[in-house]
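Engineer: Below you will find the structure I want to go over with you.
The values are calculated or read from the model by the stated rules, or taken from the named source; none is laboratory data. In this text the structure is predicted, and so the values were computed from the model without any measurement. For neighbour counting, all protein chains shown are included, and Cβ atoms are generated from backbone atoms with ideal geometry for every residue, glycine included. For accessibility, only protein heavy atoms count, side chains too; no ligands or nucleic acids. Shrake-Rupley method; radii C 1.70, N 1.55, O 1.52, S 1.80 Å.
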Protein chains: 2
Amino acid sequence: MKFEAVTIKDIAIALGLSTSTVSRALRDSYEISPATKKIVLEYAEQINYRPNPIALSLKEKRSHSIGVIVCEIANSFFSQAINGIESIAYSKGYNVIISQSHESYEREVIDLNYLASRSIDGLLISVSAETENFSHIQSLHDRGFPIVFFDRAVESIDTHKVIVDNNKGAFDATEHLIKSGYQRIANLAGSPHLSITKDRIKGYRNAIETNGLHYEEAYTQYCLHGGMVYEEVEKALDAMMALSNKPDAIVASADKLTTNCIRYFKSKNIRVPEDVALIGFSNLDIADLLSPSLSVVRQPAFAMGQIATELLLKMIESKRAVSEFENRVLPLEIMVRESSTPLK
Amino acid sequence: MKFEAVTIKDIAIALGLSTSTVSRALRDSYEISPATKKIVLEYAEQINYRPNPIALSLKEKRSHSIGVIVCEIANSFFSQAINGIESIAYSKGYNVIISQSHESYEREVIDLNYLASRSIDGLLISVSAETENFSHIQSLHDRGFPIVFFDRAVESIDTHKVIVDNNKGAFDATEHLIKSGYQRIANLAGSPHLSITKDRIKGYRNAIETNGLHYEEAYTQYCLHGGMVYEEVEKALDAMMALSNKPDAIVASADKLTTNCIRYFKSKNIRVPEDVALIGFSNLDIADLLSPSLSVVRQPAFAMGQIATELLLKMIESKRAVSEFENRVLPLEIMVRESSTPLK
DNA sequence: TTTTTTTACGCAATCGTTCCCGTTAATTAG
DNA sequence: CTAATTAACGGGAACGATTGCGTAAAAAAA
């Protein structure tokens, strides 16, 4: 079934004008007399004329839409970030096309190629946890395609990046646990391929050592799919809990890691914070409704989306190739609640 | 900055052929000799040629993308539904463009006009809670634009609809509370403009009366923005709780209503289920992690998204106008947990 | 060998818009 | 009153791809 819309040609024929005149009248060109403009404008309004964005795109070589690749939209952080992205994009007349990688490298490559075949003007991407090889992104970037990373950036690719101070966030979270009296603090980490994972581990380790505690290798366990796969989290926590000196507190380094950690504790009847305290990176908006309420490291997701989009649009709309790239590092917020209650 | 891609013309010039020959060679037309095909295909591969989807759209009057309007993607039900939508759309070569109404009528109208101006081939919509006047959707539908409703449908517009058996869901939830010994069951309802709200109230009331309880007007309180605005939920619950015979159980009729209900109880130190039992419509994937774990009426969100998309694509790809519309009603699932523990 | 058929390609229109050039008629300048 | 200017509009190419039609050369049939 087809949806026929009215074109400039229809107006031209109806009014006995040429398409060029109609086009100019609609764009309020000085070459058209006020009288003609009035006639055209009124008729266009009457028959509800809308310019065909596809024809415009073809002519201007711009689609006025941007692509977004995230792992999951059913994830508080990303859905909030997308809200930020949309708020800026729509206000500037851009469409947003969202793709999910579901943390799969293969899907990410497919999504990227799909979007990049010239239906989008630029790309916002937070790479999949599985991704180790970034050549698909690199080659696009090399060909001058505007790309902005947010949250999960690729170190080796030089373009705008909007990230958070993961190092400090993990440091603060860990130090908070230490100051609350916990001594054996473990780190439930995400994918080892992601720079955010490395930064968070760095902050975690630094806090441990700065505060005179012993850094224990086995206290850091990775989950390749960033908590998406429960079994991975289960395995990681089993490994920690099997240690002779098992942890008395955990820093969980991602949204899904945090919730699956809670799920694990619940299934094993491990009490929080009595048996193990917990603080997690999370943007869950009901973290305060859990019992115990959840201490979190919260990312400014909405702002990240906004800033990333502003940078991307600036890059898209700049006349010449951009070579100076910004690296925005936003602060994290720690919200202390019951799950990390100080030891008596 | 501009991203120049290679066109069929580039190939034609480089190979000393005409664009038609190249086009036919790429589409494997019988009119082209195997030798020429080989040359073209290899060269195209070498310079990484991708057909320009915008040019194709202009020619075929189809953009191969569908629009989705939901109130919020940061809502478990909708993000799961979108996953279902994407899974079908991508597998059939369609793009998905998502817009959020944030439960605002005004935004919905803007989003609709934006999407409809021929950049999309069809629309999946779950109307905003605020929307009372549906003429913007109606007029689009009248002009033959393919539209499929999911979850929140508009009764007066005759097109495909994918909904759930809200009546039965509310009936079952309410009856479950009754069978668990609760007697004064209230209904925290969503927007009075939505048909799902009416159906859920119908089911609720039917369960009350079928089971020989007294139906009390004041036990049903509406929230115009479906729980998005905490103050509305607070006001509704305040009204219920101020009653002399205040409720001993609540059926919350939407995702955000349910979570904000929990937030209210927590802030007022009302214990669940001891003071008030609770069962809510919710697709929250951590409902089991709350304490008490939350009894829910769960919607098959993913499947709804899939079915709605299949119906939409069928409508888009059908040669002639569709006049027989389907009304798919999916079953709801009740998951009983601690928040509606039977009274002793 | 001549005629017919087939093969393999090119030309040009089309989709909806914009925009660079004309071109006519009216206006102004000289 | 003639020449130069300008106002107001139309013609047509372009964006990238597809496709109906025309046509040269080669192959097959007569």
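Engineer: Going from most exposed to least, what order do A:19, B:174 have by accessible area with a 1.4 Å probe?
Structural biologist: A:19, B:174
Engineer: What whole-number distance in Å separates the alpha-carbon centres of the stretch B:1-63 and the stretch A:28-103?
Structural biologist: 28 Å
Engineer: A 32 angstrom limit on the alpha carbon distance is what I want to check against. Which of A:59/B:319; A:161/B:61; A:198/A:319; A:37/A:92; A:61/A:168 exceed it?
Structural biologist: Pairs exceeding 32 Å: A:161/B:61; A:198/A:319; A:61/A:168.
Engineer: Pick from A:152, A:184, A:143: which residue has the top mean-square fluctuation in a GNM of chain A where Cα pairs under 10 Å get a spring?
Structural biologist: Its mean-square fluctuation being the largest, the pick is A:143.
Engineer: May I pose another question? What number, in percent, do you get for the relative contact order of the stretch B:11-86 if the mean sequence gap of Cα pairs under 8 Å and at least 6 apart is divided by its residue count? Mind dumping the intermediate values first?
Structural biologist: On the way: 33 pairs, mean separation 12.0, N = 76.
The normalised contact order for the stretch B:11-86 reaches 16 percent.
Engineer: List, shortest first and in nm to one decimal, how far the label point of residue A:56 (7 Å from Cα along Cα→Cβ) is from its counterparts in the other copies.
Structural biologist: Result, one decimal in nm: 2.3.
Engineer: Here is a follow-up. Which is the longest stretch in chain B that no exposed loop site breaks, taking sites as chymotrypsin sites (Phe, Trp or Tyr not before Pro) with a DSSP loop state and at most 15 other Cβ atoms within 10 Å?
Structural biologist: Working: sites that count: B:30, B:215, B:325.
So the longest stretch without any such site is B:31-214.
Engineer: How big is the antiparallel share of DSSP beta bridges in the protein assembly as shown, given as a percent to the nearest 5?
Structural biologist: The answer is about 10 percent antiparallel.
Engineer: Which distances, shortest first and in nm, link residue B:242 to the matching position in the other copies, using label points set 7 Å out along Cα to C-beta?
Structural biologist: The answer, with the shortest distance listed first, is 5.9 nm.
Engineer: Name the residues whose placed amide hydrogens come within less than 5 Å of the amide hydrogen of residue B:187, ignoring near sequence neighbours (fewer than 5 apart) on the same chain.
Structural biologist: So residue B:187 has HN proximity to B:220, B:221, B:251.
Engineer: Report the charge-dipole magnitude of the stretch B:62-148 in Debye, nearest 20, computed about the Cα centre from +1 at each Lys and Arg Cβ and -1 at each Asp and Glu Cβ.
Structural biologist: Its charge dipole is roughly 460 debye.
Engineer: Now, a different point. Give the separation of the Cα centroids, the stretch B:280-344 to the stretch B:210-268, in Å.
Structural biologist: 22 Å
Engineer: If the elastic network links every pair of Cα atoms under 10 Å, which of B:42, B:175, B:333 fluctuates the most in the Gaussian network model of chain B?
Structural biologist: B:42
Engineer: Considering just Cα atoms, how many Å³ per residue does the convex hull of the protein assembly as shown enclose?
Structural biologist: Working: hull volume 128.1 nm³, N = 688.
With only Cα atoms used, the protein assembly as shown gives 186 Å³ per residue.
Engineer: Per residue, what accessible area does the protein assembly as shown have, given a 1.4 Å probe and all protein chains present, in Å²? Numbers along the way, then the final one.
Structural biologist: Details: 29210 Å² over 688 residues.
Result: 42 Å² of accessible area for each residue.
Engineer: Could you identify the residue of B sitting closest to the B-A rotation axis by Cβ and state that distance rounded to whole angstrom?
Structural biologist: B:291, 2
Engineer: Next question. Rounded to the nearest 5, what % of the DSSP beta bridges within chain B are antiparallel ones?
Structural biologist: Once the DSSP bridges in chain B are tallied, antiparallel ones form about 10 percent.
Engineer: Related question: Over the stretch B:79-186, what per residue volume does the convex hull of the Cα atoms give, in whole Å³?
Structural biologist: 136 Å³
Engineer: With chain A treated as a Gaussian network of Cα nodes joined by springs under 10 Å, which of A:213, A:330, A:123 yields the largest mean-square fluctuation?
Structural biologist: Evaluated over chain A, the most mobile residue of the options is A:213.
Engineer: Lys/Arg Cβ at +1, Asp/Glu Cβ at -1, dipole of chain B taken about the Cα centre: which of B:295, B:227, B:97 is farthest positive-ward?
Structural biologist: Positive-most Cα among the choices belongs to B:97.
Engineer: Here's a follow-up. Measuring from a point 7 Å out along Cα→Cβ, what nm distances, shortest first, does residue B:269 have to its partners in the other copies?
Structural biologist: 3.1
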